[in-house]
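Here's the structure, in structure tokens; my notes come after.
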Amino acid sequence: MNDVIIEFNDLGFQYRAQAKPTLYNINLKVRKGEKILIAGPSGCGKSTMASLINGLIPISYKGEITGSLLIKGKESREMSMFDISHIVGTVLQDSDAQFVGMTVAEDLAFALENDCIPQDNMKNRVKEVAEILNLGSVLRHAPSELSGGQKQRVSVGGVMASDVELFLFDEPLANLDPKTGKQAIELIDELQKRTGAAVIIIEHRLEDVLHRPVDRIVLMNEGRIVSDTTPDELLASENLANCGVREPLYLTALKYAGVDIKAEMHPASLDELTLSEADKSKIRAFFEQNNKVKEKADSEELLTVRDLSFTYEKTNKKTLEDIAASIQKGEMVAVVGTNGAGKSTFSKVVCGMEKEDSGEILFNGEDFRNLSIKERAEHVGYVMQNPNQMISKVMIFDEVAMGLRLRGVPEDEVKTRVEKALEICGLYKMRNWPISALSYGQKKRVTICSILVLEPELMILDEPTAGQDYRNYTRIMEFLKSLNDRGITIVMITHDMHLMLEYADRSIVFNGGRIIADKSCAKVLTDTDIVDKASLKETSLYHLAGLCGISDGTAFVQGFIDYERENVRK
Amino acid sequence: MNNLFNYIEKESPIHGLTGATKLVCLLLWSLAAMTTYDTRLLLVLAVLGIALFPIGRIGVKDVSFMLWFTLVFLVLNTVLVYLFSPQHGTEVYGTCTYLFGLSGHFAPTAEQLFFQLNYILKYFATIPFVLLFVCTTNPSEFAASLNKIGVSYSVSYSVALALRYIPDIQKQYHEISQASQARGVELSKKASLVSRLKSASAILVPLILSSMDRIEIISNAMELRCFGKNKKRTWYMAQKFKALDYVSMIVCALLLVASITLTHINGSRFYNPFK
Amino acid sequence: MKKLSVKTIVAIGIGAALFFVLGRFVAIPSPVPNTNISIQYGLLAFIAAVFGPVAGALAGLIGHFFIDFSYGWGVWWSWVIASAVFGCLMGVATMRLKIDEGEFGTKGIITFNVGQAIAHLISWVVVAPVLDILMFQEPANKVFLQGVTGAIINIITTAIVGTLVCLAYSKAIPKKGSLKEEN
């Protein structure tokens, strides 16, 4: 009994500003040394669970709690946030906001400073933690000099320094690329083995978390716990699909092939997955059926760049070197690569936000270089990752109209064009709403709409689905697909491998300021060398192919993509 | 390192002083230079300030950009003072000695020229010291120093947070402004003043609203890590006082005492050679 | 002094950082050649209105100090203090507004703008010039003219930028209401 760290008893919670409770009848126990994944779509209440466990509720966020939550046997409402934070260490999703120190060492020491630990002890402890997390060489670096993965390790170190008994990770994968995400999951696993602490991970990306085993998965939907069971049991059930959480891709492939998934097969891990000969032959048959070589019709070039180079003024670093690429009319292309590989710079140079050192940019065969940023925007629209960074008006209509009004378009024309754009984006009925009433996905749609209204032929979107759950992801991507069907060419800068597989015709891979690959997504995601350089992961489909004795893994992945595009998403 | 403020990492006696010492010295020195208008003391301060540069191993090249800025500002201000008050020297020193046989409102007087010389000296008495402070003080140590000299740790940490997030906010501003420009927002001279300000708001609104979210998340993150738990806190970057720290502070304190004494002896803040 | 909440401390830090970035890197050309208009006072007025006089004063003080500091022209204490005074007065003047609860109507706009105009006048026409005269013995007519010019420009920028930001913020706070779809 003593080893129970967290115990929810029939807990309910309602935020003060909300009309309905966010959590109902939660019962959950977390013991020492356990590793638990809490999964569920956005708005299911999983973040509220996190805030309850770390004490932000009721201290920072007000609301009404019913039932009880015991932390190491004590009622949490009677504890201060400081008491709780010595038991529960929280790693927030936004590692930039959690990084409050000016350098790595200072941030690792932050909690110790607040506990008035003498400086000598503090320096030793920081050294120890840095050693464990492999941060020793960057102790004096500022956050801007670190990679996303390093920043997250600093966040982990910051809570590790005060010897907590439970680590709480709130969407640890949201801001990381696939390769770094994989390392983060490995780190969490090691951390738990080393410290013997309990771990709670809150995530909706099941396949990525299951890279290392977890004891239980708590699946939530609409404020309730739907199931609390082992990963194998959960994956064999229908619960995931009902809650709108994406299952691992290899399981989707198995289902397409007609394989029935049972808990005894150990579906939680591809390494332990046991497939009978009958199952394997079903998959091979699926492969044979879908392995058709398709001829691609050539179309006109829309955007062509040649020998493009760019040097970043401040650091004097060459961020683009001899870039040559072309985008065809009507394509949907993914641009991938690590942070700093040059993909954002590339789109900025194309949009005229940065000036190239040398090289050519042709749009529709015409020289693009002499046009201003504003003029180029009428051909190439750029949509930032975070819609909140683009929205500056209160009402939806005004936001969409802004670009036209600033161009001096007469008001009656503004009205017709804005209404048409709103219609395309499915926002027409909400045209007189304030933007604040919209969800994140809808806001994203508004920002896309406000670019669309300028009638660009090409749209560049920076991480269109970052941090979105499966439902939102599907909505945003289907929307982009519908724009694409209307003839708008779409370029997506992304880390999302699902997006590449499901929606992109082709990937352009950046590395160190150069393009290292420009080919189909199936080829990119099955090429070990490119996958590594672009900080991606090999898709699990590739390994599944190997498991079933299919030698041409790339063709298998391509077959899966084609099958899905033709049969599943009409 | 965070190089917004031109901190230059080197080994020197001045770099070795604690941040708190340098901060105290900066305050004492500024106060001394502020109180006095005595030409002799200003000269001493100016020469001393410049003499400290080689000790801190900072060359003219390291500060040339800032120096250039300052000089422009200085020239502008000197000209303005003359244009607005060519008789200010006469008022201050109580005599009127026309030079070059000229007379009239804008005619140069010895008093005015002397006043303006002092005015320029006053710049030179403080600026080198401030520049030196900027180049030799690690911004990370700044907050710990503030706390050490008696500023509450909450306010000290506000300063640290400002330093921490300036680069992030700067980057964000840049991105937002580029995206708005693509949509047609212009800050150039073509538009009228009011519409320029409205355009600026189009960039500011998203910047400020996302900063409000940031404030919320950061304060949660800090509370989750026990910020504000105790009446005091320790600092990773704090340094202990050494002998040289005390010496430096005493010297600066003496300069302030000298400044006040001189004012007392002169009977005013000015040294008056015309009487 | 009452202990500052962590949120206020963070608001001071981020407010100062914003003040610095706007003051240091954002230049809007003004009608007068070679001078730029500073929009950071619109922001400071907003911070003061939302987080109160202490936050306003300290954000102004720290932000302005950093601007001077980064230019290296010596810290112009008289103007730094005037910025702090503005933040403080603005916080006091807007004590009764509830922008963070989504309320910013006509009455709010009037209070905000009357408040900012008075606060600017006190800061730039009284505090800054008087301190300049005390510290540097600068000619009175020069510093008062600088002060009056500064006050007028700042009042205009705060009136536009500050009001728009307050409006956008108060509207961005979700309020329960019946939103109907229109055909």
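Please enumerate the residues belonging to region A:460-472 that are outside any loop (DSSP other than H, G, I, E, B) and surrounded by fewer than 22 Cβ atoms within 10 Å (Cβ to Cβ). Listed by number, the residues that qualify are A:Asp462, A:Tyr470, A:Arg471, A:Asn472. Cβ separations smaller than 9 Å between residues 6+ apart or across chains give the following pairs from region A:427-439 residues that are facing chain C (nearest Cβ under 7 Å) and without any contact (Cβ under 8 Å) to a residue 40 or more places away in the chain to residues that are part of a loop (DSSP other than H, G, I, E, B) and of a type in the set (S, T, N, Q): A:Lys429/C:Asn183. Looking at this structure, is A:Gly158 in contact with an Asp or Glu (Cβ under 9 Å, 6 or more places away or on another chain), part of a helix (DSSP H, G or I) and surrounded by fewer than 24 Cβ atoms within 10 Å (Cβ to Cβ)? No, not satisfied.
Exactly one residue among A:Met500, A:Met492 is part of a helix (DSSP H, G or I), under 29 Å from A:Ser309 (Cβ atoms) and in contact (Cβ under 8 Å) with a residue 12 or more places away in the chain, and that residue is A:Met500.
Checking the stated criteria, C:Ala82 turns out to be within 18 Å of C:Gln146 (Cβ to Cβ), modelled with pLDDT of 90 or more and more than 14 Å from every other protein chain (Cβ to nearest Cβ).
Considering the conditions (1) surrounded by 19 or more Cβ atoms within 10 Å (Cβ to Cβ); (2) within 12 Å of A:Ile561 (Cα to Cα), A:Val491 is excluded by exactly one of them, (2).
Taking B:Lys242, is it at the interface with chain A (Cβ under 10 Å from one of its Cβ atoms) and surrounded by fewer than 14 Cβ atoms within 10 Å (Cβ to Cβ)? Taking the combined requirement at face value, the residue does not satisfy it.
Is it the case that region B:119-126 has a residue that's under 30 Å from B:Leu41 (Cα atoms), surrounded by fewer than 21 Cβ atoms within 10 Å (Cβ to Cβ) and either within 11 Å of chain C (Cβ to nearest Cβ) or over 19 Å from the mean Cα position of the chain (by Cα) (or both)?
Yes, that holds for at least one residue.
For region C:1-25, the set of residues classified as within 19 Å of C:Ile81 (Cβ to Cβ) and within 7 Å of chain B (Cβ to nearest Cβ) consists of C:Ile12, C:Ala16, C:Phe20, listed by residue number. Restricting attention to region A:133-183, the residues that are more than 12 Å from chain B (Cβ to nearest Cβ), in contact with a Lys or Arg (Cβ under 9 Å, 6 or more places away or on another chain) and farther than 25 Å from A:Leu536 by Cα add up to 3. Residues in region A:418-450 that are among the polar types (S, T, N, Q), surrounded by fewer than 17 Cβ atoms within 10 Å (Cβ to Cβ) and under 20 Å from A:Leu404 (Cβ atoms): A:Asn432 alone.
Restricted to region B:10-70, the set of helices (runs of 4 or more DSSP H) holding at least 2 residues that are under 30 Å from B:Pro273 (Cα atoms) comprises B:19-35, B:39-55.
Taken together, the criteria exclude C:Val126 from residues that are within 14 Å of chain B (Cβ to nearest Cβ), surrounded by fewer than 17 Cβ atoms within 10 Å (Cβ to Cβ), of a type outside the set (S, T, N, Q) and on the phi < 0 side of the Ramachandran plot.
Does A:Ile36 count as among the hydrophobic types (A, V, I, L, M, F, W, C), part of a helix (DSSP H, G or I), farther than 26 Å from A:Arg475 by Cβ and in contact (Cβ under 8 Å) with a residue 60 or more places away in the chain?
Answer is no for this residue.
For region A:86-104, the set of residues classified as surrounded by fewer than 24 Cβ atoms within 10 Å (Cβ to Cβ) and in a helix (DSSP H, G or I) consists of A:Asp96, A:Ala97, listed by residue number.
The set of residues in region A:374-430 that are polar (S, T, N, Q) and under 13 Å from B:Ser180 (Cα atoms) comprises A:Asn388, A:Gln389, A:Ser392.
If you go through region A:44-85 and keep only what is assigned to a strand (DSSP E or B) and in contact (Cβ under 8 Å) with a residue 40 or more places away in the chain, you end up with A:Gly63, A:Glu64, A:Ile65, A:Thr66, A:Gly67, A:Ser68, A:Leu69, A:Leu70, A:Ile71. Out of all the residues in region B:165-189, which are without any contact (Cβ under 8 Å) to a residue 12 or more places away in the chain and either under 27 Å from B:Phe142 (Cβ atoms) or at the interface with chain C (Cβ under 8 Å from one of its Cβ atoms) (or both)? Within region B:165-189, B:Asp168, B:Gln170, B:Lys171, B:His174, B:Ser188, B:Lys189 qualify. Against the criterion of being in contact with a helix residue (DSSP H, G or I) (Cβ under 9 Å, 6 or more places away or on another chain), β-branched (Val, Ile, Thr) and either within 30 Å of A:Met402 (Cβ to Cβ) or without any contact (Cβ under 8 Å) to a residue 24 or more places away in the chain (or both), A:Ile283 does not qualify. Taken as a whole, the structure leaves B:Leu209 outside the set of residues that are free of Cβ contacts under 8 Å to residues at least 60 places away in the same chain, more than 7 Å from chain A (Cβ to nearest Cβ) and in contact with a helix residue (DSSP H, G or I) (Cβ under 8 Å, 6 or more places away or on another chain).
Is it the case that some residue within region C:38-48 is in contact with a helix residue (DSSP H, G or I) (Cβ under 9 Å, 6 or more places away or on another chain), at pLDDT below 95 and surrounded by fewer than 24 Cβ atoms within 10 Å (Cβ to Cβ)? So far as region C:38-48 goes, yes, one or more of its residues are in contact with a helix residue (DSSP H, G or I) (Cβ under 9 Å, 6 or more places away or on another chain), at pLDDT below 95 and surrounded by fewer than 24 Cβ atoms within 10 Å (Cβ to Cβ). Cβ-Cβ distances below 6 Å connect the following pairs, each with a first residue in region B:51-76 that is at pLDDT 75 or above, a second residue that is polar (S, T, N, Q), and a separation of six or more residues or different chains: B:Gly56/B:Ser12; B:Gly56/B:Thr136; B:Arg57/B:Ser12. Among the residues making up region B:145-162, those that are touching a residue at least 24 places away in the same chain (Cβ under 8 Å) and more than 8 Å from chain C (Cβ to nearest Cβ) are B:Ser145, B:Leu146, B:Asn147, B:Lys148, B:Ile149, B:Tyr153.
The values are calculated or read from the model by the stated rules, or taken from the named source; none is laboratory data. Worth saying up front: this structure is predicted, and the values here are computed from it rather than measured. All Cβ positions, even for glycine, are placed from backbone atoms using ideal geometry, and neighbour counts span all protein chains on display.
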